[in-house]
1. Which members of the range 197-212 meet the condition of being out of contact with any strand residue (DSSP E or B) (no Cβ under 6 Å at 6 or more places or on another chain) and either surrounded by 15 or more Cβ atoms within 10 Å (Cβ to Cβ) or in the same structural domain as residue 28 (by TED's automatic domain parsing) (or both)?
2. If the Cβ limit is 9 Å and pairs must be 6+ apart or interchain, which residue in the range 167-191 that is touching a residue at least 60 places away in the same chain (Cβ under 8 Å) pairs with which residue that is in a loop (DSSP other than H, G, I, E, B) and loosely packed, with under 15 Cβ neighbours inside 10 Å?
3. Could you check how many residues of the range 1-22 are closer than 11 Å to residue 56 by Cβ, without any contact (Cβ under 8 Å) to a residue 40 or more places away in the chain and out of contact with any helix residue (DSSP H, G or I) (no Cβ under 8 Å at 6 or more places or on another chain)?
4. Working carefully through the options 148, 113, 109, find the one that is under 18 Å from residue 79 (Cα atoms) and free of Cβ contacts under 8 Å to residues at least 12 places away in the same chain.
5. Go through (1) out of contact with any helix residue (DSSP H, G or I) (no Cβ under 8 Å at 6 or more places or on another chain); (2) part of a loop (DSSP other than H, G, I, E, B); (3) under 30 Å from residue 78 (Cα atoms) one by one and return the number of the condition residue 187 breaks.
6. Residue 130 fails exactly one of the following numbered conditions: (1) surrounded by fewer than 18 Cβ atoms within 10 Å (Cβ to Cβ); (2) over 21 Å from the mean Cα position of the chain (by Cα); (3) at pLDDT below 90. What is the number of that condition?
7. Would you call residue 99 over 21 Å from the mean Cα position of the chain (by Cα), at pLDDT below 80, loosely packed, with under 15 Cβ neighbours inside 10 Å and over 30 Å from residue 216 (Cα atoms)?
């Protein structure tokens, strides 16, 4: 769930401005929920100053973008020597893994101070798992192994049989199709649960849409994207 804050003011606009200032965000970067309406009056309290409470929740797409920028800045501190050391550690593990697992092969490359691992072969499709769960697990393991070798945090990004490339393309096409559906019907759509990586693709694909907006609801691991008309 994105970062949130509750703010108060005499009007909803005043409360929202205070919340935006505290979060350091723009209005289009948050979802606003009015907790106490400015028109609500309680008997015996009519002469009391009116207070409006609103909750501002930073959208997932904004959180992901800021996280990416943080990672990008942090990556600049990683030396080429660190990356090469981590790459050797990853490859040492993969050599053993390939022999134990069966008919698979792998390739590695360094790009923007990150280690990219591609796994292929007849048996490699079993490594994908439901919605890429196994890929995420392998990526986590390789990340731990590589970063035991240095004090720097070197990113390891794993793909199997180009699953991520294909999945990203499919999600972008789905997002554009649903954008048209929501624009025509005016009804909001709640997508099935997705992991953070997949939600990010939907948010980024529709972030510049002139007709719809997106946000996420629910808790991990069943967090869902909502697409609704602006």
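The values are calculated or read from the model by the stated rules, or taken from the named source; none is laboratory data. These numbers were taken from a predicted model, which means no experiment stands behind them. Note: ideal-geometry Cβ built from the backbone for every residue, glycine included; neighbour counts use all protein chains shown.
1. 197, 198, 200, 201, 204, 205, 207, 209
2. Matching pairs, first to second residue: none at all.
3. The total comes to 6.
4. Only one candidate passes the filter, namely 109.
5. (3)
6. (2)
7. no
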